[in-house]
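Enquirer: After the structure tokens below, expect a handful of questions from me.
The values are calculated or read from the model by the stated rules, or taken from the named source; none is laboratory data. Because the structure is a prediction, the values reported are computed rather than measured. Here the Cβ positions follow ideal geometry from the backbone for every residue, glycine too, while neighbour counts run over all protein chains shown.
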């Protein structure tokens, strides 16, 4: 027995068996039916990588030595300097229907679709950054080709892809015309809403920066603008609508603009958190990382290599981590009441940006989250950050406003000064004389202020004055004025036209308002008001004289006087 012949026979049998199984595992034709309007090519197509990237469609179609492998879901391919060929067979149940092949990713360098027509000639469609979007077979954000069968027989298609710096991991699917149309309308609506919101926030933030001279709002406007322009490039909207014929710029924009927006984002967070307050070295580290990120973007633009793009991605991850550190430090410091809202605003971007970053580092395949994750996070971030910065600016400006108002208002109660009241009263008297109507002036004394301060302390006395001012302000209309004109004396100006009945009713409300108890005062303590009322103008007195006259009247009222209201001239 010749064992050597038996061994070779067995080996040939195993090879034949393996080839048979492999042939059976190759996917069959894809039947395009209306009840399945979207068909993924995962598991339904085979691929081969041309190591030279120079093979023509004739060579690929006739090369029997090429090993074609089933394309599986979530597969990634490094095709730098190479070409990926994907082959699939299609059988249209209704040749009159329209079907399309869509690669759901923008920024692909070059994509070509080949098939033999009924005339036996090769028909080619091309899309990608190699040509303007307007010259694509079906213009849009993603490369899309019409898949047309010339009969009910099987039609074979070859898809050729060129792409560098990032692994090719784009979903490829066949979709009916209705599916493609509905998908594009939905995407245009949502992207239009996003970019409209970004433009609105940018304009309003710039307006706030100009009106209030707020550097942080100016930085926020620049940040939102940079983020929006970066998304224009990343999502393919810029190539479709903005720089449609600038092929060289479009090729670089996908890599340049997102990197610049990351650097601008770190700069904006530096403006918000002011790391120099904590450490000069930390502030220098922020500037250093911004410089490194911009330098890496410039280097990647020149070299256009996988290592340089990987460096940009890693530096972007470092920038994102540093942003979280800076916000966490300000949060721990506890000196910024708006930092919690600011942190909440940055959280969606910090989380959703991880998906496109992971895609750029070839850790995950292309998906909806890698395409739109940052867009979703930015849409959530923009209104939250705008509110937080508005709140922060209001709190910071409040001290400036109060300081500027000290020349016109009392620092304890917030009411107008006596001189402000006199100036307002002079105008009211002039109008009353010229228009022949009357106004009213009330002076109010907090008669038990000294007793409250003596029994419960100076702090309780100050709280009583603040409470008195609050209640007196509520007793008059917005067009009227309340002022503090003494240590515990106040005045109310009711501008005309008014009557003595209205003035008397106001005095009654003042007395009644003081009798209500408040948690700001010790238990059982109320405010006792004495009021003097006069109708003006009085031909014998000017504004200052009228005020002194009524103050003298209210001060002459005994503390234990039962009648709390004294009328002067009616």
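Enquirer: Considering only region 91-104, I want to know if a residue exists there that is more than 25 Å from residue 176 (Cα to Cα) and either within 34 Å of the chain's Cα centre (by Cα) or modelled with pLDDT under 95 (or both).
Expert: No, because not a single residue in region 91-104 is more than 25 Å from residue 176 (Cα to Cα) and either within 34 Å of the chain's Cα centre (by Cα) or modelled with pLDDT under 95 (or both).
Enquirer: In this structure, is residue 319 more than 20 Å from residue 355 (Cα to Cα) and in a helix (DSSP H, G or I)?
Expert: Taking the combined requirement at face value, the residue does not satisfy it.
Here is a yes/no grid of residues against (1) within 22 Å of residue 244 (Cα to Cα); (2) more than 38 Å from the chain's Cα centre (by Cα):
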site	(1), (2)
118	no, yes
121	no, yes
154	no, yes
175	no, no
183	yes, no
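Enquirer: Something else now. Which numbered condition trips up residue 70, out of (1) at pLDDT below 90; (2) under 21 Å from residue 173 (Cβ atoms); (3) surrounded by fewer than 20 Cβ atoms within 10 Å (Cβ to Cβ)?
Expert: Result: residue 70 passes all but (1).
Enquirer: When you go through (1) buried (at least 21 other Cβ atoms within 10 Å of the Cβ); (2) in a strand (DSSP E or B) one by one for residue 156, which number turns out not to apply?
Expert: Against the list (1) buried (at least 21 other Cβ atoms within 10 Å of the Cβ); (2) in a strand (DSSP E or B), residue 156 comes up short only on (1).
Enquirer: Which residues, taken from region 329-340, are exposed (fewer than 14 other Cβ atoms within 10 Å of the Cβ) and in contact (Cβ under 8 Å) with a residue 12 or more places away in the chain?
Expert: 333, 337 - these are the residues of region 329-340 that are exposed (fewer than 14 other Cβ atoms within 10 Å of the Cβ) and in contact (Cβ under 8 Å) with a residue 12 or more places away in the chain.
Enquirer: Going through region 114-130 one residue at a time, which ones are touching a residue at least 40 places away in the same chain (Cβ under 8 Å) and closer than 22 Å to residue 254 by Cβ?
Expert: Scanning region 114-130 gives 129, 130.
Enquirer: Scan region 430-437 and give yes if some residue there is touching a residue at least 24 places away in the same chain (Cβ under 8 Å) and touching a helix residue (DSSP H, G or I) at 6+ places or on another chain (Cβ under 6 Å), otherwise no.
Expert: No, region 430-437 has no match at all.
Enquirer: Working carefully through the options 216, 272, 297, find the one that is surrounded by 20 or more Cβ atoms within 10 Å (Cβ to Cβ), under 24 Å from residue 393 (Cα atoms) and either in the same structural domain as residue 388 (by TED's automatic domain parsing) or touching a helix residue (DSSP H, G or I) at 6+ places or on another chain (Cβ under 8 Å) (or both).
Expert: Just one listed residue meets the conditions, 272.
Enquirer: Looking at region 34-51 only, could you name the residues that are in contact with a helix residue (DSSP H, G or I) (Cβ under 7 Å, 6 or more places away or on another chain) and on the phi > 0 side of the Ramachandran plot?
Expert: Selection gives nothing.
Enquirer: Would you mind telling me which numbered condition in (1) assigned to a loop (DSSP other than H, G, I, E, B); (2) over 18 Å from residue 509 (Cα atoms); (3) touching a strand residue (DSSP E or B) at 6+ places or on another chain (Cβ under 9 Å) residue 437 fails?
Expert: Going through (1) assigned to a loop (DSSP other than H, G, I, E, B); (2) over 18 Å from residue 509 (Cα atoms); (3) touching a strand residue (DSSP E or B) at 6+ places or on another chain (Cβ under 9 Å) one by one, residue 437 breaks only (3).
Enquirer: Let me ask something else. So in region 549-567, with the set limited to residues that are surrounded by 15 or more Cβ atoms within 10 Å (Cβ to Cβ) and without any contact (Cβ under 8 Å) to a residue 60 or more places away in the chain, which one is farthest from residue 434 (Cα to Cα)?
Expert: Top of the filtered list is 564.
Enquirer: Give me the helices (runs of 4 or more DSSP H) completely within region 175-277, filtered to those with at least 1 residues that are under 23 Å from residue 296 (Cβ atoms) and touching a residue at least 60 places away in the same chain (Cβ under 8 Å), ordered by residue number.
Expert: Where helices (runs of 4 or more DSSP H) fall fully within region 175-277 and carry at least 1 residues being under 23 Å from residue 296 (Cβ atoms) and touching a residue at least 60 places away in the same chain (Cβ under 8 Å), they are 215-234, 247-273.
Enquirer: May I pose another question? So for region 549-563 (the condition being under 18 Å from residue 422 (Cα atoms), assigned to a loop (DSSP other than H, G, I, E, B) and either at pLDDT below 90 or not assigned by TED's automatic domain parsing to the domain that holds residue 433 (or both)), does at least one residue qualify?
Expert: Scanning region 549-563, I find no residue that is under 18 Å from residue 422 (Cα atoms), assigned to a loop (DSSP other than H, G, I, E, B) and either at pLDDT below 90 or not assigned by TED's automatic domain parsing to the domain that holds residue 433 (or both), so the answer is no.
Enquirer: State whether the residues of region 226-233 include one that is at positive phi and within 22 Å of the chain's Cα centre (by Cα).
Expert: No; the residues of region 226-233 include none that is at positive phi and within 22 Å of the chain's Cα centre (by Cα).
Let's see how each residue does on (1) in contact with a helix residue (DSSP H, G or I) (Cβ under 6 Å, 6 or more places away or on another chain); (2) part of a strand (DSSP E or B); (3) not assigned by TED's automatic domain parsing to the domain that holds residue 38:
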| site | (1), (2), (3) |
| --- | --- |
| 53 | no, no, no |
| 61 | no, no, no |
| 64 | no, no, no |
| 84 | no, yes, no |
| 89 | no, yes, no |
| 115 | no, yes, no |
| 119 | no, no, no |
| 137 | no, no, no |
| 141 | yes, no, no |
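Enquirer: Considering each of 425, 429, 415 in turn, give the residue that is at pLDDT below 95 and under 22 Å from residue 511 (Cβ atoms).
Expert: 415
Enquirer: Restricting to region 372-400, what's the tally of residues that are in contact with a helix residue (DSSP H, G or I) (Cβ under 8 Å, 6 or more places away or on another chain), farther than 18 Å from residue 269 by Cα and modelled with pLDDT of 90 or more?
Expert: Residues that pass the stated criteria total 3.
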